[in-house]
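Peer 1: Can you keep this structure in mind? I'll have questions shortly.
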Amino acid sequence: MTRRLALNRFISGTRRRTAAGIGAAVVAVALVGTACSPVEPAGGDNPTSGQSSAGQDVFGEAADAAQVKQGGTLTVALSADPDKLDPTLSRSLYSRYVFHTMCEKLYDLGPDAKLVPQLATALPTISPDGLSLTIPLKEGVKFADGGTFDSNAVKISLNRDLTLAGSARKSELGPVTSIETPDPKTVVIKLSKPFAPLAAALADRAGMVLSPAAVAKLGANFSSAPVCVGPFKFASRVAQNSIKVVKDPQYYDAAKVHLDAIEYRIITDSSIRSANLKSGDAQVADSLSSQDAPTLQKDDSVSVLQSQSLGYQGLTINVGNANGVGNPMKPLDTPIAKDPKVRQALALAIDREALVKSIFNGLNTVACSPISPKSEFTSDAAQVCPAHDPAKAKQLLADAGVTTPYKVEMVTSNNPDSLRLAQALQGMVKDAGFDLVIKPVEYAALLDQQDRGDFELLQLGWSGRVDPDANIYNFVGTTGSQNVSGYSNPALDKLLTDARQSTDQAERVKLYGQVTTLLQQDDPIIYMYRQRNLTGVSKKLLGIQVYPDGVIRTAFAGFAK
């Protein structure tokens, strides 16, 4: 006998490996007394209405087909160049924007952050022992290359996630032992142990299904010409410049697709993105600066969508990534790598409240853990936040035998917003005895350096997932696919494994509280704040939506008649 678990109880509430997307026209010396305007209320409380009070979510609305034109090219101004357009290898939120248009998943999220079927036809049926998930699939679906979507394609994609060298998806899929295909419209995933986060993982890149023909032809170079099922198909890419997708006439729901094409233009400077939006050269701009958002909200030609991230922004410390992520760890011989007291001192040196209020214009919120307070897995223990205490930080450095000022190099993205944040941190931690040296690099180089372990301290974030496992295990679990810190703690591994295998929500809440306590003792990642997703949209465009996962949904938009 089988039973269907209430899968959505495991989820409710994307670590964006991206540089901080919100900055301010201030540097460290201006932390106090900065005259920044808050984002102003636009009225109303409906998160789908396009209007809200300050701090409230505005997700946008689906387009009414009667109100949109057919055709046209949408231009999206992106704040960074996506990394590889390969769902198995990708690590950036920006790639998820593009995947949304051309690589559908077994499941998706609705605006309420609940799972909904996409290429599946229903939520999985889970066996009583929790070791088997049966997923029914859509029929009559074609890949962009004309190939047939079926259970074998799902099997090939999942096996690729589990086995491809450098896969960022492997640990997201947990203890999968095999994928069975009893018929073309049914896939059965077998597990060695129960794994509560699996269905939620299939609502992101791990659940994207690739064309078997393209996988066979391109192998690890799939990103050079990605082929999936989606409203649009890949057309072209110019590195550091643009990506273009065009409408796929073979898409099973093509009648709902209004645009001819979408072009993503890489514009790293937030003020230039905003200028392009106001001039009409772009109709959508991601990661608005908290300095630009108030002005844009006053512009009659623009709407600002906003939502609180489920992820975090933080500092990753290299404690054992000496050989590249995925290779054997090796303790590094630097004070900040080998002594938790030094990392704790850095955490205490950061005045998160000042960052949020002054640098981020009050839009972001303080974060000291990977558990969002909006998650149904939060607890008091998960939200404990050590107070800013430079005196105690100095004492910890002294206890660790570190001579001050202690010089630490921090790699960060070279876009203006990230540099402002870096400069603010540089001035902030100086009082506690740290000499922060800023090493700005391009975003793609930043991702490469973190994977190779070529850093001491690195500023990045994670846009968050609805199940907390996907915000923690991958990054601090010993076998995590994206454990670029090179951190390993058997006690933490046990807590995370127990939380993965439990189907009791209260038990999982308790375990994630204990996880937070351990992470704050070891500090392989220093959590700083949760970013507010701010997206600018031309009012000439209808149907743009941004859900709590932070992904800008453009596929079914259209220009207003």
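The values are calculated or read from the model by the stated rules, or taken from the named source; none is laboratory data. No experiment lies behind these values; they were computed from the predicted model shown. Here the Cβ positions follow ideal geometry from the backbone for every residue, glycine too, while neighbour counts run over all protein chains shown. These accessible areas exclude ligands, DNA and RNA; they are computed on the full protein's heavy atoms, side chains included. Shrake-Rupley method; radii C 1.70, N 1.55, O 1.52, S 1.80 Å.
Peer 1: Per residue, how large is the accessible surface of the chain? Use a 1.4 angstrom probe and give square angstrom.
Peer 2: 35 Å²
Peer 1: Going by average Cβ density within 10 Å per residue, which order do the peptides 245-255, 510-520 take, highest to lowest?
Peer 2: 510-520, 245-255
Peer 1: What is the Å³ per residue value for the convex hull set by the Cα atoms of segment 222-265?
Peer 2: 62 Å³
Peer 1: Follow-up question, since we're still on this one. So how do 106-113, 121-128 stack up, highest first, on mean other-Cβ count within 10 Å?
Peer 2: Ranking the peptides 106-113, 121-128 by packing returns 106-113, 121-128.
Peer 1: Convex hull over the alpha-carbon atoms of segment 83-125: what's its volume per residue in Å³?
Peer 2: 92 Å³
Peer 1: Mind jotting down the distance between the C-alpha centroids of segment 403-480 and segment 487-561, whole Å?
Peer 2: 18 Å
Peer 1: Please give the peptides 200-213, 378-391, 405-418 ranked by average Cβ packing (other Cβ atoms within 10 Å per residue), highest first, as a rough proxy for protection.
Peer 2: 200-213, 405-418, 378-391
Peer 1: Could you estimate the translational diffusion coefficient of segment 52-158 from the Stokes-Einstein equation, with Rh from the Kirkwood formula over C-alpha pairs, at 25 °C and 0.890 mPa s, in whole µm²/s?
Peer 2: 142 µm²/s
Peer 1: Something else: Out of all DSSP beta bridges with both ends in the chain, state the antiparallel percent to the nearest 5.
Peer 2: About 75 percent, rounded to the nearest 5.
Peer 1: Moving on. Given the convex hull over the Cα atoms of segment 350-462, what projected area results after averaging over all orientations, in nm²?
Peer 2: 8.4 nm²
Peer 1: If we restrict to alpha carbons, what Rg and Dmax does segment 91-243 come to, in Å?
Peer 2: Cα-based Rg and Dmax for segment 91-243 come out at 15.0, 50 Å.
Peer 1: Given the DSSP H assignment, sum -39500 (n - 2.57) over each helix run of at least 4 residues in the chain and divide by its residue total; what's the result at 222 nm in deg cm²/dmol, nearest 500?
Peer 2: -7000 deg cm²/dmol, from helical runs alone.
Peer 1: P(r) tail for segment 142-226, what percent of Cα pairs lie past 19 Å?
Peer 2: For segment 142-226, the fraction of Cα-Cα distances above 19 Å is 37 percent.
Peer 1: Would you mind checking the radius of gyration and Dmax of the chain based on alpha-carbon positions, in Å?
Peer 2: Using the Cα atoms of the chain, the pair Rg, Dmax is 22.6, 70 Å.
Peer 1: Can I ask one more? Mind scanning Lys105/Lys233; Lys244/Lys298; Lys190/Lys510; Lys357/Lys394; Lys193/Lys494 and naming the pairs with a C-alpha gap bigger than 23 Å?
Peer 2: Exceeds cut-off: Lys244/Lys298; Lys190/Lys510; Lys357/Lys394.
Peer 1: So, with a 1.4 angstrom probe, what is the percent of accessible area on segment 333-404 that is carbon and sulfur?
Peer 2: Heavy-atom surface of segment 333-404 belonging to carbon and sulfur, 1.4 Å probe: 51 percent.
Peer 1: Around Asp549, with a cut-off of 10 angstrom between Cβ atoms, what is the net charge of the other residues, counting Lys and Arg +1 and Asp and Glu -1?
Peer 2: Here the count lands on +1.
Peer 1: Can you bin every Cα-Cα distance in segment 244-348 into 5 Å intervals starting at zero and give me the percent of pairs per bin, rounded to whole numbers?
Peer 2: Using 5 Å bins, I get a P(r) of 2, 9, 13, 10, 10, 10, 11, 11, 10, 8, 5, 1 for segment 244-348.
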